[in-house]
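S.K.: Shown below is the structure under consideration.
The values are calculated or read from the model by the stated rules, or taken from the named source; none is laboratory data. Treat the numbers as computed from the prediction; the structure is a model and nothing was measured. Glycine also receives a Cβ, built like all others from the backbone with ideal geometry; neighbour counts cover every protein chain displayed. We work out accessible area using only protein heavy atoms, side chains counted, and drop any ligands, DNA or RNA first. Shrake-Rupley method; radii C 1.70, N 1.55, O 1.52, S 1.80 Å.
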Amino acid sequence: MAGERDPGRLADLAVGRARNKIPALIEALDGEFTDHHAFMVRHYLDEIDRWKRVIAGFDARIARMLADREQDLASLVTIPGIGRLGAEIIIAETGGDMTQFASAHHLASWIGVCPGQNESAGVSRSGRTRPGNSNLKRLLGIAAMVAIRNKNSYLGVFFRRLAARRGGKRALVAVMHKLAIAIWHVLHDKTHYRELGADHFTRRDPERAMRRMLKEANSLGLTIRFEPITA
């Protein structure tokens, strides 16, 4: 916009890892950029700055309205995948009052992250999720994708175990359901999220874990023996 058109000089303005791509940048910048293009770019940048100021004004307004909910906001951000903005959306959509939901499962159902009922001849089949609060459902979907990235967490292990049997989409909805349960307890009990740990399932049912390891060893033509470790 200031008038510089030399591709080499423009590419040399790159910083960080982008400097490794300077030859490609030079090639990309070798084109026609007129004064009219510069005028339009300045217009778009000014628009971006204007909307930033608008967003900042709304952020300040939201902060004032939530000034008395700082404890709840601080507790919500301890849930995996939930940041400050996500916590504010949860308070805005639910009012932060969990007494209107009889249980955590009622909240999950209201959000729409509970499997639908599909029963025929006494046999229950997995159904689609019900319609619910689209804003919170979208938020929980994003939070779930963030939470399962941590492979050393309870939710990460839970997702992988369920995805192996039911598929990734159903497993992701199950993680969203877990997050809804956590939200209810955090707000209802006025507490922080408690990480169960990646070894939760092993500690809960050690015999099952040993059977699984024994089965895998046998499939490799091996046998193993378990003995308790003395203190």
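S.K.: Select from segment 21-96 those GluC sites (Glu not before Pro) which occupy a DSSP coil region and have at most 13 other Cβ atoms within 10 Å, ordered by residue number. Write down the numbers at each step before the final one.
M.R.: Working: sites: Glu27, Glu32, Glu47, Glu70, Glu88, Glu93; in loops: Glu32.
Those that pass, being in a loop and sparsely packed, are Glu32.
S.K.: By its C-alpha gyration tensor, with a ≥ b ≥ c as the square roots of the eigenvalues, how is segment 57-116 shaped: rounded for a/c under 1.5, else prolate for a/b larger than b/c, else oblate?
M.R.: Values: a/c = 2.10, a/b = 1.87, b/c = 1.12.
Since a/c reaches 1.5 and a/b is larger than b/c, the shape of segment 57-116 is classed as prolate.
S.K.: In debye, nearest 20: dipole of segment 1-100 around its Cα centre with unit charges on the Cβ of K, R (+) and D, E (-)?
M.R.: Working: 13 positive and 17 negative charges, 41 e Å.
Charge dipole, segment 1-100, about its Cα centre: 200 debye, nearest 20.
S.K.: To continue, here is another question. First select every other residue whose beta carbon is under 14 angstrom from the beta carbon of Arg42; then total the charges, Lys and Arg +1, Asp and Glu -1.
M.R.: Details: positive: Arg50; negative: Asp35, Asp46, Glu47, Asp49.
Spelling it out: positives minus negatives among the neighbours equals -3.
S.K.: Give the aspartates and glutamates whose C-alpha is closer than 12 Å to that of Lys137, dropping any in the same chain fewer than 8 places away, or say none.
M.R.: Partners found: Glu93.
S.K.: Over segment 157-231, calculate the relative contact order: mean separation of alpha carbon pairs under 8 Å at least 6 apart, over the residue count, as a percent.
M.R.: Numbers: 23 pairs, mean separation 10.7, N = 75.
It rounds to 14 percent for segment 157-231.
S.K.: Okay, moving on. Taking Cα pairs under 8 Å and at least six residues apart, what relative contact order does segment 1-70 come out at, in percent? Kindly include the intermediate steps, with their values, before the conclusion.
M.R.: Values: 23 pairs, mean separation 21.1, N = 70.
Normalised by residue count, the contact order of segment 1-70 is 30 percent.
S.K.: Next up: Please report the relative contact order for the chain, taking Cα pairs under 8 Å with a sequence separation of at least 6, and give it as a percent rounded to a whole number.
M.R.: 17 percent
S.K.: Give the accessible area for Lys178 in Å² (nearest 10); use a 1.4 Å probe, count only protein heavy atoms, and leave out ligands, DNA and RNA.
M.R.: About 70 Å², rounded to the nearest 10.
S.K.: Moving on to the next point. Given the whole protein assembly as supplied and a 1.4 Å probe, what does the accessible area of Arg138 come to in Å², nearest 10?
M.R.: Counting only protein heavy atoms, Arg138 exposes about 140 Å² to solvent.
S.K.: Please report, in debye to the nearest 20, how large the charge dipole of the chain is about its Cα centre when each Lys and Arg carries +1 at its beta carbon and each Asp and Glu carries -1 there.
M.R.: Result for the chain is approximately 1260 debye, rounded to the nearest 20.
S.K.: Please list Tyr193, Tyr44, Tyr154 in order of solvent-accessible area, largest first, computed with a 1.4 Å probe with all protein chains present. List each step's numbers first, then the result.
M.R.: On the way: Tyr193 50, Tyr44 130, Tyr154 20 Å².
Descending accessible area places them as Tyr44, Tyr193, Tyr154.
S.K.: Something else about it: Measure nothing fancy, just the Cα-based angle from helix 206-219's long axis to the longest principal axis of the chain, in degrees from 0 to 90, nearest 10.
M.R.: 80 degrees
S.K.: Follow-up. Could you work out how far helix 154-166 tilts from the main Cα principal axis of the chain, as a 0 to 90 degree angle to the nearest 10?
M.R.: That works out to roughly 80 degrees.
S.K.: Here's another thing I want to ask about it. With every protein chain kept in place and ligands, DNA and RNA left out, what is the accessible area per residue of segment 59-209? Probe 1.4 Å, answer in Å². Please report the intermediate quantities before stating the final value.
M.R.: Working: 8740 Å² over 151 residues.
Per residue, segment 59-209 has an accessible area of 58 Å².
S.K.: Mind ranking Lys21, Lys190, Lys137 by accessible surface for me, highest first, 1.4 Å probe?
M.R.: Correct descending sequence by accessible area is Lys21, Lys190, Lys137.
S.K.: Let me ask you something else. Jot down the per residue volume, in cubic angstrom and as a whole number, of the convex hull over the alpha-carbon atoms of segment 1-98.
M.R.: Working: hull volume 15.8 nm³, N = 98.
About 162 Å³ per residue, rounded to a whole number.
S.K.: What do you get for Rg/Rh over the chain if you use C-alpha atoms and the Kirkwood form of Rh?
M.R.: So for the chain, dividing Rg by the Kirkwood Rh gives 1.15.
S.K.: What residue among Met213, Phe201, Met98 has its Cα farthest toward the positive end of the dipole of the chain, where the charges are +1 on Lys, Arg and -1 on Asp, Glu, each on the Cβ?
M.R.: Met213
S.K.: What is the sum of charges, Lys and Arg at +1 and Asp and Glu at -1, for the other residues whose Cβ falls under 14 Å from the Cβ of Ala182? It would help to have the intermediate numbers written out before the result.
M.R.: Working: positive: Lys178, Lys190, Arg194; negative: Asp72, Asp189, Glu195.
Charge balance near Ala182 sits at 0.
S.K.: Follow-up question, since we're still on this one. How much accessible surface does Val175 have with a 1.4 Å probe, in Å² rounded to 10?
M.R.: My reading of the accessible area for Val175 is about 0 Å².
S.K.: Classify segment 155-231: rounded, prolate or oblate, from the alpha-carbon gyration tensor (a ≥ b ≥ c, eigenvalue square roots; a/c under 1.5 rounded; otherwise prolate if a/b is larger than b/c)? Working shown, then result.
M.R.: Values: a/c = 4.80, a/b = 1.67, b/c = 2.88.
Oblate shape, in that a/c is at least 1.5 and b/c is the bigger or equal ratio.
S.K.: Another question about this same structure. Ignoring ligands, DNA and RNA, please state the percent of accessible area on the chain from carbon and sulfur, probe 1.4 Å. Please list the in-between numbers first.
M.R.: Working: 9020 of 16060 Å².
Carbon and sulfur: 56 percent of the exposed surface of the chain.
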